[in-house]
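Colleague: If you scroll down you'll find the structure; I have some questions about it.
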């Protein structure tokens with residue numbers, strides 16, 4: 001089993017090319033391969049498959065075995081991997097995901113891919129689209145989240161093909177993400193669980209964000225979460241429509257040009273190493 005290990009701002013993935021031979025039991029394989037002590041180590045396992053509607057199909061299996069609809073950092077990695085591995089010679093791709101067709105564009109300078117810009121599609125803002133429990137399903141957010149220990153957080157729920165709740169705080173250092181992240185992820189308001197972002201606005205065009213990812217826990221970066229953070233910041237009057245999202249692993253440039261339009265994400269991606277899995 002030959003693999004390639006990639007990271008986008010420290011959000012890391014094992015990528016397998018499964019176009020010719022599908023992978024049986026991907027959930028079990030993800031748990032095994034992503035283990036940081038007994039496996040390769042990663043936040044998730046990425047499968048590249050053939051598609052009848054796009055240049056390729058991308059699947060992400062989280063390191064707990066669950067499957068995510070979409071991942072912003074991964075799609076940048078997959079786009080560059082496909083280009084550099086010769087799967088495609090195109091610098092503008094279409095990628096099929098469970099969240100729909102995504103359109104990454106490789107930014108090439110002096111023959112090298114330096115960044116990837118992705119049309120992430122329009123944000124979904126109603127309870128039914130995200131989803132958030134409760135009627136009416138057409139109601140938009142923000143929503144109030146009350147945790148079992150009595151803490152109250154006011155958050156804005158957004159879907160970028162996968163569900164997020166963004167909670168703005170005055171002091172990021174005061175947030176115990178490891179403690180509150182899993183509580184909010186599994187809150188009854190979120191029937192499909194949720195990705196949790198805590199964000200501290202630094203300026204209208206800059207925001208510090210940390211993330212607890214559904215199915216993966218704390219990660220160094222989240223592309224869809226960065227998009228959701230900008231959208232939530234615009235909706236609540238905190239951020240301009242283009243801003244730098246500063247993550248534990250680095251910065252992403254996010255832009256939401258207008259209401260009901262696509263959100264665009266631009267950032268780096270790097271191949272770390274490649275190899276062959278021998279532990280059967």
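No value in this document is a laboratory result; all are computed from the given coordinates. Computed from a predicted model, the values in this text were never measured in an experiment. In this analysis, Cβ positions are derived from the backbone assuming ideal geometry, glycine residues included, and neighbour counts consider all displayed protein chains.
Colleague: What nm value, rounded to one decimal, do you get for the distance between residue 67 and residue 91 when each label is placed 7 Å out toward the C-beta?
Modeller: 3.4 nm
Colleague: Any chance you could give the angle, 0 to 90 degrees and rounded to 10, that helix 223-235 forms with the longest Cα principal axis of the chain?
Modeller: Around 30 degrees separate the two axes.
Colleague: Mean-square fluctuation check for the chain, GNM, Cα pairs under 10 Å: which of 53, 270, 91 is largest?
Modeller: 53
Colleague: To continue, here is another question. What nm distance separates the two modelled labels at residue 152 and residue 133, each placed 7 Å from Cα along Cα→Cβ?
Modeller: 2.0 nm
Colleague: Pick out which of 34, 222, 18 has the largest mean-square fluctuation in a Gaussian network model of the chain, springs linking Cα atoms closer than 10 Å.
Modeller: 18
Colleague: Based on the Cβ-Cβ distance from residue 49 to residue 186, what FRET efficiency comes out when R0 is 30 Å, to the nearest 0.05?
Modeller: It comes out at approximately 0.50.
Colleague: What does the convex hull of the Cα atoms come to per residue for segment 118-171, in Å³?
Modeller: Here the figure is 102 Å³ per residue.
Colleague: Using DSSP, restrict attention to beta bridges with both residues in segment 201-265 and report what percent are antiparallel, rounded to the nearest 5. Can you show the working numbers first?
Modeller: Details: 13 of 16 bridges.
Roughly 80 percent of the DSSP beta bridges within segment 201-265 come out antiparallel.
Colleague: Something else now. Roughly how large, in nm² to one decimal, is the mean projection of the convex hull of the alpha-carbon atoms in segment 147-248?
Modeller: If you wrap the Cα atoms of segment 147-248 in a convex hull and average its projections, you get 5.9 nm².
Colleague: Could I ask something else about it? Sorted from largest down, what three extents in whole angstroms do the Cα atoms of segment 92-134 have along their principal axes?
Modeller: Taking the Cα atoms of segment 92-134, the three principal extents are 52, 16, 11 Å.
Colleague: I would also like to ask the following. With 19 Å as the cut-off, how large is the P(r) tail for segment 87-181, expressed as percent of Cα-Cα pairs?
Modeller: 59 percent
Colleague: Would you report the distance distribution of C-alpha pairs in the chain as whole percents per 5 angstrom bin, up to the bin with the largest distance?
Modeller: Taking all Cα pairs of the chain, the binned fractions are 1, 6, 13, 18, 19, 17, 13, 8, 4, 1, 0, 0 percent.
Colleague: Quick one: among 175, 132, 211, which has the greatest mean-square fluctuation in a GNM of the chain with alpha-carbon springs under 10 angstrom?
Modeller: 175
Colleague: If you stretched the chain out fully between residue 202 and residue 171, how much longer would it get, using 0.36 nm times the residue separation minus the C-alpha to C-alpha distance?
Modeller: On the way: separation 31, 0.36 × 31 = 11.16 nm, distance 1.05 nm.
That works out to 10.1 nm of additional length.
Colleague: Let me ask something additional. Within 10 Å of each residue's Cβ, count the other Cβ atoms and sort 96, 197, 109 from fewest upward. Provide the component values of the computation, followed by the final result.
Modeller: On the way: 96 19, 197 31, 109 8.
Ranked by crowding around the Cβ, least crowded first: 109, 96, 197.
Colleague: List the equivalent ellipsoid semi-axes of segment 197-280 in whole Å, largest first, each obtained as the square root of 5λ for an eigenvalue λ of the Cα gyration tensor.
Modeller: For segment 197-280, the semi-axes come out at 29, 14, 12 Å.
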